[in-house]
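**Q** Below are the structure tokens for one structure; questions will follow.
The values are calculated or read from the model by the stated rules, or taken from the named source; none is laboratory data. Source: prediction; values computed, not measured. In this analysis, Cβ positions are derived from the backbone assuming ideal geometry, glycine residues included, and neighbour counts consider all displayed protein chains. SASA here: full protein model, heavy atoms, side chains in, ligands and nucleic acids out. Shrake-Rupley method; radii C 1.70, N 1.55, O 1.52, S 1.80 Å.
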Amino acid sequence: MDLRSLHHLLCVALLGVALPSTGCGPDDAGDDSIASTDDTSSSTDDTSSSTDGTSSSTDGTSSSTDGTSSSTDGTSSSTDGTSAGDGDGDGDGDGDDACVPLFGVSCDQIQTAYLKQLSPGTGASFGISVAMSQDTLAVGATGLGSIGEVTIFVRDPSSEQWSVQATLVSENLEAGDGFGMTVDLDSDTLVVGAQREDSDATGVDGDASNNLASNSGAAYVFVRDPATASWSQQAYLKASNTGADDWFGKTVAIAGDLIAVGSEEGSGATGINGGPTAEADDSAQYAGAVYVFVRDPATSTWTQEAYIKASNAEYLDSFGTSLALSGETLAVGAIREDSCDTNINGDETDNACNNAGAVYVFTRAGTTWTQEAFVKPSNLDAFDEFGTSVALDGDTLAVGAHYEKSCATTVNGDDTDNECPAAGAAYVFTRAGVDWSQQAYLKAPNSNEDLLFGGSLALDGDWLAVGATGEASGTAGVTGGETASPDGGSLNYREGAAYLFARAGDSWMQQAYIKASNPDWYDMLGTSVALDNGILAVGAPDEEGDASSDGTLAGANDNTVDAGAVYVFDLDQF
């Protein structure tokens, strides 16, 4: 009997359900890849986009600072697939190996890489954002008071080793712009948000040289030449109504030739493409807006196609907090929207639940965008911030609410109590035709106060990864099934974790509980997650190891405060 068949039998024995593939995950069509239904992307939270683009290695030239990035020599840290730490799995040097092997697969086979910047720096926050497309991974590092950058890693599928292909910076780079705070990737195109960029330019490729609109924000488009694997900046995107403190670029999403960019823009307008008067209005500060750009495939030029506002836009709603694009469907989170209605397409005018949150779904026909749904969960309450994160893949939408308060655990538990403030939750919705309905209510098995479950999401077909930066168990490595360790107290404060869920038919189950191989106090693992092609990447922007570009593992030290790290896991092992 082969290992994958053994996995299946163990799944049936342990989980009590026969899944349609020979692995313990959702149906993989009989191969070793996890197929996505279409090209998906996300926000800040930044979920992965599933595409058909592969990547290749390059010639080892150094990166530039003019925005036309070049590749590096691929000697990135920890490309040998071993775990970080002292070799026993928990990084504390005591050899107790807190990592529990899953179905006979060793922990270092599940965690296949521990990635760092080429030159880790204090406060770099490497891993604040991640995005994945096939065997390419983009990792943002904003740099505390310094210049941000995005590192491009590529994976050799045969060896599962990762190497650095490029380090990207913007053409008008300045310290403190927040370049890399948000990223999304689709095949050979990358979009990067810089929400604190200060130019007063408008539209595409305007004058980026001034700082006349503080924190107006910008987004940058980079493309890879498939022939040479070199990257260059293709476009510099600004809002059509740029204003100071609009934070344009706080979220970004890409699918094919479409890019969506979120902003804290303050117009009181509602609906889509309200025109110059609507865009000039500034009566509802931080109401939020989303700008959609489209690329002409023939000329590779970008233009703004739509200016999208909530149908019930109001002051402080933060429409655009999270974004996800899949094909020609766009999901937008608004964490401070105040309606108490728990029905999809319910009453948008109610303001009885402060910061309850909402998600809006828009669809495109030709060049016309319309609002398809106003989405609310079954147990909405004030200050849940539903819409903290969103992920979209075809007709499936996942939504995080990191301040949801129920003490329920795992899947479809009791959602009626409010005894665990900020425990967090994730919800899955599905579409039939144009109608959306809630399919699942997901919680962590170790749900507790301040877990912040749902702060980030990544969705790929029947896999869903959920980040929880408040998790504090003190354990290391990966365990399977509906498992997790209890809160370990203040010494493990906000180590963070990720939880992997799988869908079989219409039913969801927890597949794995994922911790870093070297967890530590306030590493914030789960701040970002990306998922594609059977690979999961999880960012920990406050991890403090001092691994360098020669591939040396971090060990258990804390020598570089908030340098950040990204951990990569192979889901085919499940």
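**Q** Taking region 98-126 on its own, how many of its residues are of a type in the set (A, V, I, L, M, F, W, C), in a strand (DSSP E or B) and either at pLDDT 50 or above or at positive phi (or both)?
**A** If we filter region 98-126 for residues that are of a type in the set (A, V, I, L, M, F, W, C), which is where we start, we get 98-100, 102-103, 105, 107, 110, 113, 115, 118, 124, 126.
Applying the additional criterion that residues be in a strand (DSSP E or B) yields 102, 105, 113, 115, 126.
Within this subset, residues satisfying the condition of being either at pLDDT 50 or above or at positive phi (or both) are 113, 115, 126.
Selection size over region 98-126: 3.
**Q** When the residues of region 489-547 are filtered to those that are outside any strand (DSSP E or B), among the small types (Gly, Ala, Ser) and out of contact with any Phe, Trp or Tyr (no Cβ under 9 Å at 6 or more places or on another chain), which remaining residue is farthest from residue 118 (Cα to Cα)? Walk me through how you get there before you give the answer.
**A** Step one: list which residues in region 489-547 are outside any strand (DSSP E or B), which gives 489-495, 505-506, 515-524, 526-527, 533-534, 541-547.
Filter once more, so that each one left must be among the small types (Gly, Ala, Ser): 489-490, 505, 516-517, 526, 534, 545, 547.
Subset that is out of contact with any Phe, Trp or Tyr (no Cβ under 9 Å at 6 or more places or on another chain): 489, 505.
Numbers: 489: 33, 505: 43 Å.
Once the filter is applied, the top-ranked residue is 505.
**Q** In addition: Please count how many residues of region 411-450 are more than 26 Å from residue 479 (Cβ to Cβ) and among the aliphatic types (A, V, I, L, M).
**A** Of the residues in that region, 2 qualify.
**Q** Return yes or no: is residue 269 more than 27 Å from the chain's Cα centre (by Cα), open to solvent by 30 Å² or more (accessible area, probe 1.4 Å) and closer than 23 Å to residue 370 by Cα? Quick ask: steps written out before the conclusion?
**A** Details: more than 27 Å from the chain's Cα centre (by Cα): yes; open to solvent by 30 Å² or more (accessible area, probe 1.4 Å): no; closer than 23 Å to residue 370 by Cα: yes.
Spelling it out, it is not the case that residue 269 is more than 27 Å from the chain's Cα centre (by Cα), open to solvent by 30 Å² or more (accessible area, probe 1.4 Å) and closer than 23 Å to residue 370 by Cα.
**Q** Identify the residue in region 329-370 that is over 25 Å from residue 406 (Cα atoms) and open to solvent by 60 Å² or more (accessible area, probe 1.4 Å) and, among all such residues, is farthest from the chain's Cα centre (by Cα).
**A** Only one residue fits best here, namely 349.
**Q** So in region 179-203, with the set limited to residues that are in a loop (DSSP other than H, G, I, E, B) and among the polar types (S, T, N, Q), which one is surrounded by the fewest Cβ atoms within 10 Å (Cβ to Cβ)?
**A** So in region 179-203, the residues in a loop (DSSP other than H, G, I, E, B) come out as 179-181, 187-188, 195-203.
If we keep only those that are among the polar types (S, T, N, Q) too, we end up with 187, 195, 199, 202.
On the way: 187: 21, 195: 26, 199: 23, 202: 17.
Once the filter is applied, the top-ranked residue is 202.
**Q** So the check is Cβ under 8 Å with 6+ separation or different chains; which pairs have a first residue in region 181-197 that's farther than 17 Å from residue 155 by Cβ and a second one that's of a type in the set (Ser, Thr, Tyr) and open to solvent by 20 Å² or more (accessible area, probe 1.4 Å)?
**A** 181/44; 182/44
**Q** Shifting gears a bit: Can you name every residue in region 148-162 that is crowded, with 22+ Cβ neighbours inside 10 Å and assigned to a strand (DSSP E or B)?
**A** Kept after step one, since they are crowded, with 22+ Cβ neighbours inside 10 Å, are these residues of region 148-162: 148-155, 162.
Listed by number, the residues that qualify are 149, 150, 151, 152, 153, 154, 155, 162.
**Q** Does any residue in region 346-374 that is at positive phi and modelled with pLDDT of 95 or more come within less than 9 Å, Cβ to Cβ, of a residue that is among the acidic types (Asp, Glu) and surrounded by 19 or more Cβ atoms within 10 Å (Cβ to Cβ) six or more places away or on a different chain, and which pairs are these?
**A** Hits for this filter: 355/337; 355/338; 355/384; 355/385; 357/337; 357/338; 357/384; 357/385.
**Q** When you scan region 222-235, do you find a residue that is modelled with pLDDT of 95 or more and farther than 30 Å from residue 537 by Cα, even just one?
**A** Within region 222-235 (the criterion being modelled with pLDDT of 95 or more and farther than 30 Å from residue 537 by Cα), the answer is no, since none of the residues qualifies.
**Q** Additional query: I'm told residue 311 meets every condition in (1) of a type in the set (S, T, N, Q); (2) crowded, with 24+ Cβ neighbours inside 10 Å; (3) assigned to a loop (DSSP other than H, G, I, E, B) except one. Can you identify the failing condition by its number?
**A** Exception for residue 311: condition (2).
**Q** Quick check on my filter: what residues within region 496-522 are open to solvent by 10 Å² or more (accessible area, probe 1.4 Å), under 15 Å from residue 544 (Cβ atoms) and not hydrophobic (A, V, I, L, M, F, W, C)?
**A** 518, 519, 520, 522
**Q** Would you say residue 277 is open to solvent by 60 Å² or more (accessible area, probe 1.4 Å), outside any strand (DSSP E or B) and at pLDDT below 95? Steps first, answer last, please.
**A** Details: open to solvent by 60 Å² or more (accessible area, probe 1.4 Å): yes; outside any strand (DSSP E or B): yes; at pLDDT below 95: yes.
Answer is yes for this residue.
**Q** Kindly indicate which of 460, 450, 487 is among the acidic types (Asp, Glu), open to solvent by less than 40 Å² (accessible area, probe 1.4 Å) and in contact (Cβ under 8 Å) with a residue 24 or more places away in the chain. Don't jump to the end; show me each part of the working.
**A** Numbers: 450 fails: open to solvent by less than 40 Å² (accessible area, probe 1.4 Å); 487 fails: open to solvent by less than 40 Å² (accessible area, probe 1.4 Å).
One residue alone meets the criteria, 460.
**Q** Continuing with this model, one more query. Given (1) open to solvent by 10 Å² or more (accessible area, probe 1.4 Å); (2) more than 16 Å from residue 154 (Cα to Cα); (3) of a type in the set (A, V, I, L, M), identify the lone condition not met by residue 219.
**A** Condition not satisfied by residue 219: (1).
**Q** When you scan region 285-302, how many residues do you find that are outside any strand (DSSP E or B), closer than 27 Å to residue 335 by Cβ and at pLDDT 95 or above? Write out each step before concluding.
**A** Taking region 285-302 first, the residues outside any strand (DSSP E or B) are 285-288, 296-301.
Now drop any that are not closer than 27 Å to residue 335 by Cβ, which leaves 285-288.
Next, from what is left, pick out any that are at pLDDT 95 or above: 286-288.
Residues meeting the conditions: 3.
**Q** Which residues, counting only those in region 280-299, are within 30 Å of residue 187 (Cα to Cα) and open to solvent by 50 Å² or more (accessible area, probe 1.4 Å)?
**A** Step one: filter region 280-299 for residues within 30 Å of residue 187 (Cα to Cα), giving 288-299.
Correct list: 296, 297, 298, 299.
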